[in-house]
Amino acid sequence: MKKQKKFIVRSCPKCKSDNIGIIIGGQMGMWECKDCGFRGPSFLEREMNEEEFLEYEEKKGSGEFDLGEPKTVEKKKLHKEMLREKMEKGEEI
């Protein structure tokens, strides 16, 4: 049986965005939300297998599954708007 890859998706505890990154320099293990600016050592984490992760990315509407490639600025803006609309409607993200 082939072992499935596991993916960890982190999201901001304040705005629920997954547009976060680790802060280089300063205190070890600090994360920052690139959408709302929230900083902290612990962000929400969700573990997914490859199938779940690809489904998650598809629902986001990114259409980009090459994990090493950054998204364009325009796609980031569109994704951010989509997340805000869903949050305002109370939809699951």
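The values are calculated or read from the model by the stated rules, or taken from the named source; none is laboratory data. If you're wondering where the values come from, they're calculated on a predicted model, not measured in any experiment. Glycine also receives a Cβ, built like all others from the backbone with ideal geometry; neighbour counts cover every protein chain displayed.
Counting just the residues of the stretch 19-31 that are out of contact with any helix residue (DSSP H, G or I) (no Cβ under 8 Å at 6 or more places or on another chain) and surrounded by 16 or more Cβ atoms within 10 Å (Cβ to Cβ), which one comes out nearest to residue 84 (Cα to Cα)? By that ranking, first place goes to 20. The residues of the stretch 6-41 that are without any contact (Cβ under 8 Å) to a residue 24 or more places away in the chain and part of a strand (DSSP E or B), listed by number, are 20, 21, 22, 31, 32, 33, 39.
Return the residue satisfying two criteria in turn: it lies in the stretch 42-72 and is modelled with pLDDT of 80 or more and part of a loop (DSSP other than H, G, I, E, B), and of such residues it is surrounded by the fewest Cβ atoms within 10 Å (Cβ to Cβ). Among them, the one singled out is 42.
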